[in-house]
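Notes for the one structure printed next.
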Amino acid sequence: MMMHKHSQGDVMRRRDEILSIVREISVHSQDQLLAVLRKRGLEVTQPTLSRDLKELGLAKTPSGYVAPQDMAAAPSPVISFAPRELREERLNQLLRDSVLSAEAGGNLVVIRTPAAAAQPVASALDAAALTDVIGTIGGDDTIFVALRHAASATALARRIQGIVSLGRRASRS
């Protein structure tokens, strides 16, 4: 059995810190971000940081890194460089790994995750640009997804439930 160097909580705390940094200051390179993380007491390798940036869906703009949920307020236009298939596969992987439940109510879907896992899932939902999704709000362990129609919310909740149950079956094998 392979041991992971960092616990899921460490990963989420590190990623939260990365998001805080890119929101507080203009960060133009991974080296600059590594330096700030180290000043804040987080020892991170460059490959781990690259993986974190990819998982968080951060985009590099002329004004620095920007989180997906902050792109509307970005001072310069941001283009998503990842192909749609890659964004959807990233979303499916996060859903399999992080979602405990998904339930539709009206035109909303409420998604439950373990503590500190909601933000990456919400970011992946935003990046996937799913049909009829108006927007997401991600807290610590809960995500609200607003959809245009109740039928769309029901369909998304069922899709998520199917992906989550497939992930659980695969992990048991």
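The values are calculated or read from the model by the stated rules, or taken from the named source; none is laboratory data. These figures come from a predicted structure and were not determined experimentally. Cβ sites come from the backbone with ideal geometry, for glycine too, and all protein chains shown count toward neighbours.
On the basis of being modelled with pLDDT of 85 or more and either surrounded by fewer than 17 Cβ atoms within 10 Å (Cβ to Cβ) or touching a strand residue (DSSP E or B) at 6+ places or on another chain (Cβ under 8 Å) (or both), does Glu103 make the cut? Yes, satisfied.
Thr131 falls short on exactly one of the conditions (1) modelled with pLDDT of 90 or more; (2) closer than 23 Å to Glu85 by Cα; (3) of a type in the set (Val, Ile, Thr); (4) not in a helix (DSSP H, G or I), and that condition is (1). Regarding Pro114, is this residue in a loop (DSSP other than H, G, I, E, B) and in contact with a Ser or Thr (Cβ under 9 Å, 6 or more places away or on another chain)? Judged against the criteria, Pro114 is a match. Identify, please: which residue in region 106-121 is surrounded by 22 or more Cβ atoms within 10 Å (Cβ to Cβ), touching a Leu at 6+ places or on another chain (Cβ under 7 Å) and at pLDDT 90 or above and is, among those, farthest from Met12 (Cα to Cα)? Applying the filter and picking the extreme gives Val109.
Residues considered: Ala151, Ala124. Of these, the only one that is small (Gly, Ala, Ser) and buried (at least 16 other Cβ atoms within 10 Å of the Cβ) is Ala124. Of the residues making up region 60-100, just one is of a type in the set (Phe, Trp, Tyr) and at pLDDT below 80, namely Phe81.
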